1. In the stretch A:25-82, how many residues are in contact with a helix residue (DSSP H, G or I) (Cβ under 8 Å, 6 or more places away or on another chain), closer than 30 Å to B:Trp54 by Cβ and part of a helix (DSSP H, G or I)?
2. I'm checking my understanding of the structure. Among residues of the stretch B:153-182 that are assigned to a loop (DSSP other than H, G, I, E, B) and within 16 Å of B:Ile39 (Cα to Cα), which one is farthest from the other protein chains (Cβ to nearest Cβ)?
3. What number of residues within the stretch B:166-180 are touching a Phe, Trp or Tyr at 6+ places or on another chain (Cβ under 7 Å), closer than 8 Å to A:Gln10 by Cβ and modelled with pLDDT of 95 or more?
4. Give the stretch A:5-37 a look and list any residue that's within 22 Å of B:Leu148 (Cα to Cα) and either of a type outside the set (D, E, K, R) or within 10 Å of another protein chain (Cβ to nearest Cβ) (or both), or say none.
5. Any idea how many residues of the stretch B:129-152 are in a loop (DSSP other than H, G, I, E, B), more than 12 Å from B:Arg41 (Cβ to Cβ) and more than 9 Å from every other protein chain (Cβ to nearest Cβ)?
6. Where residues in the stretch A:71-85 are facing chain B (nearest Cβ under 7 Å) and not β-branched (Val, Ile, Thr), which of them is farthest from B:Phe37 (Cα to Cα)?
7. Output the number of residues of the stretch B:46-74 satisfying the condition of being farther than 16 Å from B:Glu7 by Cα and not acidic (Asp, Glu).
Amino acid sequence: MNRELQEKIQAWVDGELKASEAHRIATLTQSDPAALALAENLRGFRSLVRDNAPEHSIDASRDFYWSRIREGIHRAERATASPPPEKGHASIPSRVGGHWLAWLVPSALVATAAFFALRPGSVPTAETADPLPPVLVDHVVESPLAEVTTLTFYSSSDAMTVVWVGSAEVF
Amino acid sequence: MASPTDEQLVHASQGGDMAAFEELVARHRDKMFARAFRIVRQQDEAMDLSQEAWIKGWQRIAQFEGESSFATWMTRITINLCLDHLRRNQRYRVDPLPDYQDDNTGLDRLLPPVWTNPTERLERHELRQRIDAALAKLSDAHRTVLVLHEFEDLGYKEIAQTVGISIGTVMSRLFYARRRLAILLAGIQDEEKPS
């Protein structure tokens, strides 16, 4: 008996053959003792394994088992609610223990920009204005805080510096 | 007062009731652990994977529409996680088939008949242990197909889709796994046959 036929007999025993093929194998088992023996053997073996499925249970207590699941659920929910901040950025407020710093830095930036822009006699004309360092021209200056982002733009034709301050989501 | 049914607990869980979900976990945790253990055969891994399955179950509970029982739905999540785990760890290799291709004779050797007396509890307990030990000796790939067919009652097509192999491969792995398991269990026949 070749391998293909053995597997067909197995499929017949498992009820996996189409009607026409099932009929062919059924007929074969009536005339071929080896085919019949294999079919009976497979049936007996299948019952033996199914009726004696090994049982396994958890040693841990209900509370312990559940506590790890609950932690996992909460961890996943926290991760979904707020993606983890990049290292070295948002960790600053948490290190100092308050949100006041989140407002202090952008406020200082705005105040500095306003001081230089509105200082009497210091308003540069298009002719006298010194070119700003490239870093401030049309360039996003990131706050070291993940929650707040500032965007600073200098227009040389209008001799004006504009600073937008907002939450990171806006930008 | 009657305890709530699974359906009621599922409904409450879908509304965000975590206590209801905890009750579902308590009811079915052993089943999910056993399913994971049958596939990965490592206590700690089975524990972790079954817990991970419950976390996914909670996250997806809103998608459960009750086409099958809750236990069946959770079983599918558990099995998929276990299969992913085997693939990730490159444990999904198939043993070569020694002396199989040309083994056209000796049906007794092919699938040794196993005599058992199901009325004897101790014998049955021992038989289960022997089957368990024999299952542990199969490769992950063969054992998975056998477990899905015999214990999870999946058909060839479902196994093929779940594992990601052809139906022909399911058939040959199943045949080989049965044959190998029968050979490993053959000792039982000699020990338990009435003299």
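The values are calculated or read from the model by the stated rules, or taken from the named source; none is laboratory data. All values derive from a computational prediction rather than experimental measurement. Virtual Cβ from ideal backbone geometry, glycine too; neighbours counted across all protein chains shown.
1. The total comes to 11.
2. B:Gly164
3. Going through the stretch B:166-180 one residue at a time, the tally reaches 1.
4. A:Gln6, A:Glu7, A:Lys8, A:Ile9, A:Gln10, A:Ala11, A:Trp12, A:Val13, A:Asp14, A:Gly15, A:Glu16, A:Leu17
5. Residues flagged as in a loop (DSSP other than H, G, I, E, B), more than 12 Å from B:Arg41 (Cβ to Cβ) and more than 9 Å from every other protein chain (Cβ to nearest Cβ) within the stretch B:129-152 amount to 1.
6. A:Ala76
7. 10
Quick grid of which residues meet (1) under 30 Å from B:Arg173 (Cα atoms); (2) under 14 Å from the mean Cα position of the chain (by Cα); (3) surrounded by 19 or more Cβ atoms within 10 Å (Cβ to Cβ); (4) among the acidic types (Asp, Glu):
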| site | (1), (2), (3), (4) |
| --- | --- |
| B:Thr5 | no, no, no, no |
| B:Phe37 | yes, yes, yes, no |
| B:Glu45 | yes, no, no, yes |
| B:Trp58 | no, no, yes, no |
| B:Asn80 | yes, yes, no, no |
